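Novice: One structure coming up, written as structure tokens, with questions to follow.
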């Protein structure tokens, strides 16, 4: 069963693909967001190509569990995904994924790729965390 994961942002959305059998995920790409609107054509292409059975969207929370400014936009993004593609969408806690992503990229000496890969690597971490809780 293929699972897509999104790390929603107001400028970029990271994307990862994973599966339940190995509980692993891989970076796909980053989707640009213009004027607060995701590139729905790119998202549609990913959904048609991968045919996921479920979509996981990172749920942004502060360390104390309170909502962030972007939380409402993330919830709206998840609702639109569910309505537009008729696929089950779940929100999953994404606390510390950006920090962990930066740490991994620095550790692997991929400094030039940090801005390019940080959102998609965060989507990987979100999805793998979700898979490990199942």
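Novice: Quickly rank 44-52, 1-9 as a protection proxy: mean count of other C-beta atoms within 10 Å, highest first.
Specialist: Descending mean neighbour count gives 1-9, 44-52.
Novice: So, one more: Show me 64-74, 15-25 ranked by packing, highest mean number of other Cβ atoms within 10 Å first. Working shown, then result.
Specialist: Working: 64-74: 12.3, 15-25: 17.3.
Highest to lowest by the protection proxy: 15-25, 64-74.
Novice: Please work out how much length the chain gains when fully extended from residue 73 to residue 24, using 0.36 nm per residue of separation minus the C-alpha to C-alpha distance, in nm with one decimal. Walk me through the numbers before you get to the answer.
Specialist: Working: separation 49, 0.36 × 49 = 17.64 nm, distance 2.71 nm.
Roughly 14.9 nm would be gained on extension.
Novice: Hey, can you rank 32-38, 86-92 by average C-beta count inside 10 Å, highest first? Working shown, then result.
Specialist: Details: 32-38: 11.1, 86-92: 14.6.
Ranking the peptides 32-38, 86-92 by packing returns 86-92, 32-38.
The numbers here are math on the coordinates, done by the rules we state, and not lab data. Please read all numbers here as calculations on a predicted model, not as lab measurements. FYI the Cβ positions are ideal-geometry reconstructions off the backbone, even for glycines, and counts take in every protein chain you see.
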